[in-house]
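Single-structure report; data block below.
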Amino acid sequence: MRGLSRAPIPDGIPLVLASGSPRRAQLLRAAGYEFTIDPASDDAECGVCSRETAPELVARYAYRKAESVVRRHGRAMILAADTVASCGGQILGKPHNEEHAAEMLRTLSGRRHDVYTGVCLWSSGESRCTVDVVRTELQMQSLSETMIREYLDTLLWEGKAGAFGFQDGNDWIEIVGGGSESNVVGLPMERLKELLENFHSVAETIDARQSETPTSNE
């Protein structure tokens, strides 16, 4: 992916990616960011509320991922993100296995759906944080069982929200209305640039005892 947006890190502090996702790391490198990787704990992605919408879920998970890493860094900008697909009110995260992936692809087949990514930036030195959510609408062509099985055989669905990767070269997925391609991959680079540029004006001071996710800027 070329021409990705980039902004200086506020106050010149180190950037830490709180994710083991190779796709998010690839996006940051392609944009020219220098960063280290410190993956969030696995339990940051737990506790789904039945009344929670997809934007609320990704905002909460992004915040929790940053929270699980921030105390390990004295002065740094922690970047965390979480991505899910949503179709007809059903939230589609990462598939548990191949059959679960097949179910997701059948659900999305021939339908429009949304991909949401929650982004959290947390300055550990200042204890200031901002959370935002970006939405991209996609259209998936109708998939035959043969198409689904052929894609499953590639194993490219593993670890991907909705059981597919926009970056995998599938010609059966297209972005509707000029939305963010990098958001579908897992990190909205255009919005990340804006959040970094405006961090001091949009970030909130975080109490160490605070458990609620700060209000999203969406």
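The values are calculated or read from the model by the stated rules, or taken from the named source; none is laboratory data. Nothing here was measured: the structure is a model prediction, and the numbers come from that model. Neighbour counts are summed over all protein chains in view; Cβ atoms, including those assigned to glycine, are modelled from backbone coordinates with ideal geometry. Protein only, heavy atoms only, side chains kept; ligands, DNA and RNA dropped before computing areas. Shrake-Rupley method; radii C 1.70, N 1.55, O 1.52, S 1.80 Å.
Taking a ≥ b ≥ c as the square roots of the eigenvalues of the alpha carbon gyration tensor, the stretch 126-178 is oblate, as a/c is not under 1.5 and a/b does not beat b/c. Compute the angle between helix 145-154 and the longest alpha-carbon principal axis of the chain, please, reported from 0 to 90 degrees and rounded to the nearest 10. Helix 145-154 sits at roughly 40 degrees to that axis.
Note on the chain: GNM, Cα springs under 10 Å; of 27, 92, 156, the largest mean-square fluctuation is that of 156. Computed from backbone phi, the HN-Hα couplings of the stretch 6-11 come to 8, 9, x, 7, x, 6 Hz, rounded to whole numbers (Karplus: 6.51 cos²θ - 1.76 cosθ + 1.60, θ = phi - 60°; Gly and Pro given as x). Ignoring aspartates and glutamates fewer than eight residues from residue 193 along the same chain, the ones with Cα atoms less than 16 angstrom from its Cα are 11, 34, 132, 181, 218.
To the nearest 20 Debye, how big is the dipole of the chain about its Cα centre, given +1 on the beta carbon of each Lys and Arg and -1 on that of each Asp and Glu?
Details: 23 positive and 32 negative charges, 80 e Å.
It comes to approximately 380 debye.
Note on residue 43: accessible area approximately 100 square angstrom, rounded to 10, probe 1.4 Å, nucleic acids and ligands left out. Here the 3J(HN,Hα) profile of the stretch 136-144, calculated from phi with Karplus coefficients 6.51, -1.76 and 1.60 at θ = phi - 60°, is 10, 9, 10, 10, 10, 5, 5, 10, 7 Hz, Gly and Pro shown as x.
Each Lys and Arg Cβ is given +1 and each Asp and Glu Cβ -1; about its Cα centre, the stretch 113-164 then shows a dipole of about 160 debye. By the compact-protein rule of thumb, 2.2 N^0.38 Å, the alpha-carbon radius of gyration of the stretch 100-218 corresponds to a ratio of 1.30.
Nothing charged except the Cβ atoms of Lys and Arg (+1) and of Asp and Glu (-1): what's the magnitude of the dipole of the stretch 89-218 about its Cα centre? Round to the nearest 20 debye.
In debye, rounded to 20, the stretch 89-218 gives about 180.
For the chain, the solvent-accessible area with a 1.4 angstrom probe is 47 square angstrom per residue. Of all lysines in the structure, the ones whose alpha carbon falls short of 20 Å from that of residue 160, not counting any fewer than 8 places away in one chain, are 65, 94. Placing unit charges on the Cβ atoms of the charged side chains and taking the dipole of the chain about its Cα centre, the candidate lying farthest along the positive direction among 79, 119, 187 is 79.
Quick one: net charge around residue 96, please, counting Lys, Arg +1 and Asp, Glu -1 for every other residue with C-beta under 12 Å from its C-beta. Taking every Cβ under 12 Å from that of residue 96, the sum is -3. With respect to the chain, whose longest principal axis is taken over its alpha-carbon atoms, helix 22-31 is tilted by about 60°.
Helix 54-70 axis versus longest C-alpha principal axis of the chain: approximately 50°, rounded to the nearest ten.
Give me the percent of the accessible area of the chain that comes from carbon and sulfur atoms, probe 1.4 Å, all protein chains in place.
In the chain, the share of accessible area belonging to carbon and sulfur is 44 percent.
When Rg and the Kirkwood radius Rh are both evaluated on Cα atoms of the chain, their ratio Rg/Rh stands at 0.97.
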